[in-house]
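Quick notes on the structure that follows.
Bear in mind that the values in this text are calculations on the coordinates, not laboratory data. Bear in mind that the values here come from a model prediction, so they are computed numbers and not experimental data. Cβ coordinates were reconstructed from backbone atoms using ideal geometry, including for glycine residues, and neighbour counts include every protein chain displayed.
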Amino acid sequence: MDYYSDIQINEKQAKMFAESIFADISEYVKDHKEEYNVFLTESDYTQSVNGKVKENEHSKSA
């Protein structure tokens, strides 16, 4: 198994990498809204009325 913890990237590369990941996730969510809502319901988070994610009651008591 390869070990990658010694890989170093600069701030610009890290930002480009993060933006690419976010864009992929954003597109997936747009295309799979129902699946994403199921994920939110089954996870420790739930979607609020205004579309922002907030913690549900179960996760607050844990």
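Annotations
- Gain on full stretching of the segment that runs from I21 to E42 - 0.36 nm per residue minus C-alpha separation: 5.3 nm
- Label-to-label distance, K30 versus K12, with points set 7 angstrom from Cα along the beta-carbon direction: 2.7 nm.
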